[in-house]
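Just so it is clear, none of the values below were taken in a lab; they were calculated from the coordinates. Small disclaimer: the values here were computed from a predicted structure and weren't measured. Heads up, the Cβs are rebuilt from the backbone with ideal geometry, glycines too, and the neighbour counts pull from every protein chain shown.
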Amino acid sequence: MKQQKILWIEDDATTSLTNLLPPVYFHGGYLVEIASNATDAVERLMRRTYDGVVFDIRLLPGPHPQWGKLYKRTARGTVETQLGLSLLYWALGKKPCVPLHEPHPSALDTLAQQVEELRQVFPLRDPLSPDKVAIFSIERRLQVTKNGHLDCLGLTTEQYHQKQITMPDDFFLQVLKKHFPPS
């Protein structure tokens, strides 16, 4: 069996979510790399190809100045979510078609401007295909779907999985099996 190479973009993977990794390793069908912030994720996505990428929507910026700049410009309370959405739009090569949270056009312009800046600083040769993406985040499904971001990204609600306070240890493995079955 060929191992599926997975990038998990998750700031808590090596802290509060460590219980989710042993079942993945024992299964043997997956080789998981962890990017703990937006900077690390971009660097990995620009250097390697993956069979699948699992995104957390709430992300920390990491050390690259471009992410720090976006972090400082974003409204409090939405900053980590906006960084994660900007990363998703960048990685999928999509243009935002709806605002982040606010129903006025300037919020859409801001998100679109941020994604364009990312493309200029981090040129991505091959955007990810939507079928190589899953989302595993704390936001409720309704928060992500009501604004239309999944549609703009070419993703479905089936690709979104919400973290829970009490998740079985094999929850992440089940997400991987559903979206990236071992070959």
Sequence-distant residues sharing a close amide H with His161 (under 5 Å, placed H): Ile135, Phe136, Ser137
Region 115-183 versus region 1-58: alpha-carbon centroid distance in Å: 12 Å
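Please arrange Lys178, Lys5 by how many other C-beta atoms lie within 10 Å of their C-beta, fewest to most.
On the way: Lys178 12, Lys5 16.
Ordered from fewest to most neighbouring Cβ atoms within 10 Å, Lys178, Lys5 come out as Lys178, Lys5.
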In order through region 123-131: 3J(HN,Hα) via Karplus (6.51 cos²θ - 1.76 cosθ + 1.60), integer Hz, x for Gly, Pro: x, 9, 5, 10, x, 5, 7, x, 6
Local electrostatic count, Gly93, Cβ distance below 9 Å [Lys/Arg +1, Asp/Glu -1]: +2
Antiparallel DSSP beta bridges within region 4-179, percent to nearest 5: 0 percent
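Would you please put 117-128, 29-40, 7-18, 147-158 in order of how densely packed they are, using the mean number of other Cβ atoms within 10 angstrom per residue and starting with the highest? Write down the numbers at each step before the final one.
On the way: 117-128: 13.8, 29-40: 19.9, 7-18: 18.3, 147-158: 16.8.
Final packing ranking: 29-40, 7-18, 147-158, 117-128.
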Over 26 Å between alpha carbons, listed pairs Lys132/Lys163; Lys5/Lys163; Lys5/Lys69; Lys2/Lys163; Lys69/Lys94: Lys5/Lys69; Lys2/Lys163
Mean ellipticity per residue at 222 nm, deg cm²/dmol - from DSSP H runs of n ≥ 4 across the chain, formula -39500 (n - 2.57): -12000 deg cm²/dmol
Karplus 3J(HN,Hα) series, Hz, for region 169-175 with 6.51 cos²θ - 1.76 cosθ + 1.60 (x for Gly, Pro): 4, 8, 4, 5, 4, 5, 4
